[in-house]
Amino acid sequence: MNWKVLLGILTLAAMMMSASYTMLVPFLPLYLTQELGVSDHVNLWSGAIFSVTFVFSAIMAPIWGAMSDRGSRKMMAIRSAVLLALTYTLGGLVQTPFQLFLVRVLQGFAAGLWPALLSLMSSNCPQRKIGFAMGIMQGALTAGHVIGPLAGGVLAQYLGMRFSFFTGGAALFTITLVILFAVREKPRDRKAAAASIPLPGRRRFSLFKIPVISALLVAAALTQTSITVSMPIFTYYVGELLGTTDHLVAISGYVFAVLGIAGVIASPIWGWVGQSIGFRPVLLVSMLGAGIFAIVSALPGVLEPFVVLRFIGGLAFAGIFPAINAMLTRYSPVTERGRVFGVSFSVQQAGSIVGPLLGGAVASFMTLQSVMIFSGI
């Protein structure tokens, strides 16, 4: 299958997947109170329902990734997309908060679509184009993070919150059909695949014994932590800079989306640059730039320069994950691609759990501004 056609299909799938994931972000607390009848401990329910998916997906992603290495990566992507479509549809049918909690647990077990897409692309793309392909796919993922909350808010406002869940399910079902009928998987080396299966007396290949891969996994975890550390206080911080609470939720959404917009613009460019000069310097420069601008963005006392600095930092930040994914592809055996991307996704999910907890702790004992500085550090 032509790698450019595959890139187009998987890029569309990544954007739809990401948008579906983030579609419920703007209205989950309202869904709990208005649709599911929660009157007490709304924040506790909301936090539990959000975080439980990250916990279970962190556990399951490496397992699904290893299974894809032994079998079909295409079928693993279809498996995940089908189960995710089911969970979103069920999310629109639930009647109690506990039922929604269980649906989110199932969604965590269904995890693995993004690692499967990366594994499919890395295994069918020429090595000289891998950086460009990873940049494009990361840009699509980031675009979905921008589109999802905006679309979810609009759909919930005009068609109802349950309709947003059904839309997410329909999008994921569409991904399933596209992958099923449009993607042709490259024939696997059966001997290599069989050799990756642990048998009695055969030691399992350890990804963590490769220093480069270990360092990249740590970088991925810390990067995801830095993304999520400000989430619990972001709206409050924007309100502090704005000096008013008028239209605060909408304005915070726009400000948060600035990082995603920068990522959509810059991710493919960073991928191309990495292909030209090497991914290690791209990774170092983008991490350094993102860290510096995150710290500097905490200095202004008004909103406008904060938004500008956040956008510039987003341009730098956009180079991190394409470089990490390209280097993981380069330094991992082709028979282990599913597992390495599964483990990478797992450590990122761990960062998504730890980040908000750290942000809340720092904000409690210090200032909101300190959280932004901590993110950059």
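The values are calculated or read from the model by the stated rules, or taken from the named source; none is laboratory data. As the structure is a prediction and not an experimental result, all values here were calculated from the model. Note: ideal-geometry Cβ built from the backbone for every residue, glycine included; neighbour counts use all protein chains shown. When the accessible area is computed, the model is the full protein with side chains, heavy atoms only, and any ligands, DNA or RNA have been set aside. Shrake-Rupley method; radii C 1.70, N 1.55, O 1.52, S 1.80 Å.
Look at the dipole of the chain built from charges on Cβ: of Cys125, Ser39, Leu357, the Cα furthest out on the positive end belongs to Cys125. For segment 247-300, the ratio of Cα radius of gyration to the globular rule of thumb 2.2 N^0.38 Å stands at 1.41. Expressed as a whole percent, the accessible area of segment 16-137 that falls on carbon and sulfur atoms is 71 (1.4 Å probe). Taking every Cα-Cα distance in segment 1-133 and sorting them into 5 Å bins starting at zero, the pair-distance distribution P(r) comes out as 2, 10, 18, 19, 16, 12, 9, 6, 4, 2, 1, 0 percent.
Convex hull volume of the C-alpha atoms in segment 1-52, normalised per residue: 88 Å³. Charge dipole (Cα centre; +1 on Lys/Arg Cβ, -1 on Asp/Glu Cβ; no other charges) of segment 1-136 amounts to roughly 720 debye. A Stokes-Einstein calculation at 4 °C with viscosity 1.567 mPa s, built on the Kirkwood radius of segment 221-345 over Cα pairs, returns a diffusion coefficient of 82 µm²/s. Compactness of the chain, taken as the C-alpha radius of gyration over 2.2 N^0.38 Å, stands at 0.97.
Each residue of segment 291-302 is assigned a 3J(HN,Hα), and the resulting list reads x, 4, 6, 5, 5, 5, 5, 7, 7, x, x, 10 Hz, derived from the Karplus form 6.51 cos²θ - 1.76 cosθ + 1.60 (θ = phi - 60°), x at Gly and Pro. Ranked by the mean number of other Cβ atoms within 10 Å of their residues, highest first, the peptides 59-70, 154-165, 349-360, 114-125 fall in the order 114-125, 59-70, 349-360, 154-165. Within the full protein context, the accessible area of Ile175 is estimated at about 0 Å² for a probe radius of 1.4 Å.
Run the accessible area of segment 217-352 with a 1.4 Å probe and give the carbon-and-sulfur part as a rounded percent.
Working: 4050 of 5510 Å².
Heavy-atom surface of segment 217-352 belonging to carbon and sulfur, 1.4 Å probe: 74 percent.
Restricted to Cα atoms, segment 13-90 shows a radius of gyration and a Dmax of 15.4, 48 angstrom.
Rolling a 1.4 Å probe over the heavy atoms of the protein chains gives segment 209-367 an accessible area of 43 Å² per residue. Volume of the convex hull of segment 332-377 (Cα atoms only), normalised per residue: 63 Å³. The mean accessible area for residues of segment 25-117, using a 1.4 Å probe and ignoring ligands and nucleic acids, is 41 Å² per residue.
Output the direction-averaged projected area (hull surface divided by four) of the convex hull of the alpha-carbon atoms of segment 107-151, in nm².
3.8
The shape of segment 223-282 can be summarised by an equivalent ellipsoid whose semi-axes, obtained from the alpha carbon gyration tensor, come to 32, 13, 7 Å from longest to shortest. Each pair of Cα atoms in segment 287-367 enters the Kirkwood radius, and Stokes-Einstein at 25 °C and 0.890 mPa s then converts it into a translational diffusion coefficient of 163 µm²/s. Lys186 contributes about 120 Å² of solvent-accessible surface, heavy atoms of the protein only, 1.4 Å probe.
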